[in-house]
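Data first, discussion second: the structure below is written as structure tokens.
The values are calculated or read from the model by the stated rules, or taken from the named source; none is laboratory data. Worth saying up front: this structure is predicted, and the values here are computed from it rather than measured. Cβ placement follows ideal geometry from the backbone for every residue including glycine, while neighbour counts extend to all protein chains displayed.
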Amino acid sequence: MKTVLVTGASRGIGRAVALRLAREGWNVLVHCAANTQKACEVRDQILAEGGSSQVLMADLTDPAQAQQLAEAMGPVDAIVLNASVQEKTPWQQITLEQCYAQLNCNFVSSMVLLQKAAEHMKAKKWGRIVTVGSVQEKKPHPDMLVYSASKAAQTNMMRSLAGQLAPFGITVNNVAPGVIVTDRNKDALSDAAYAKTVSDSIPAGFYGQPEDLAGIVALLCSEDGRYITGQSIYVDGGKSL
């Protein structure tokens, strides 16, 4: 049984990905920053469905904790870098604390985890790396400057690593969601006027669900995805057009 680490897996997209990969036969390491109760609920659901799973906790805004997670996860065959911090603040009011929290979680910790994960993958001559980006890489929100910049940085890291790791049988890809209904945005989308503005900006005319990301991640982590690498795939109902 292959093992995958899914960061930020206690809710939203990460939860959907963790459940989907478990159903595909993966041993899933469910990572959370602090909400161990929610993470344990994901693990328990996987176990109840006959799968294999464990919970790991680390605050990825702290690179030292990212290093600890890299050691604690052990050898992994795949890694899905979904955890992120998103601050909505006019750019001239962004504090250094807000900046570093987003950069550390969304980029620096991703690099730290990949440095360790790649060791086992290279030795085994097989591996899957999936970063979770954002439509904001292409259409940045004016009040999310650091978030969009950090996601773009992570995607450029993916492109750099894809070429370097391909000879070892490791694929590296990015999945960029658009407007996906999660705990992060459900309050904002409960405002009818704002919700209409957002849905009108999506050619498909509706919001995505976390499960819409889970399918493409499962493909990229599978043997069927062996010839796909270095790609950034938008799952956004056409919002990036």
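Observations on the model:
- Residue satisfying condition, being over 17 Å from the mean Cα position of the chain (by Cα), under 19 Å from VAL28 (Cα atoms) and modelled with pLDDT of 95 or more, within set MET73, MET121, MET57: MET121
- Of residues in region 31-55 being in contact with a Cys (Cβ under 8 Å, 6 or more places away or on another chain) and among the hydrophobic types (A, V, I, L, M, F, W, C), the one surrounded by the most Cβ atoms within 10 Å (Cβ to Cβ): ALA39
- Residue that is surrounded by the most Cβ atoms within 10 Å (Cβ to Cβ) [pool: residues in region 78-90 that are under 16 Å from the mean Cα position of the chain (by Cα) and more than 19 Å from PRO63 (Cβ to Cβ)]: VAL80
- Residue in region 122-135 that is crowded, with 19+ Cβ neighbours inside 10 Å, free of Cβ contacts under 8 Å to residues at least 40 places away in the same chain and more than 27 Å from GLY169 (Cβ to Cβ) present: no
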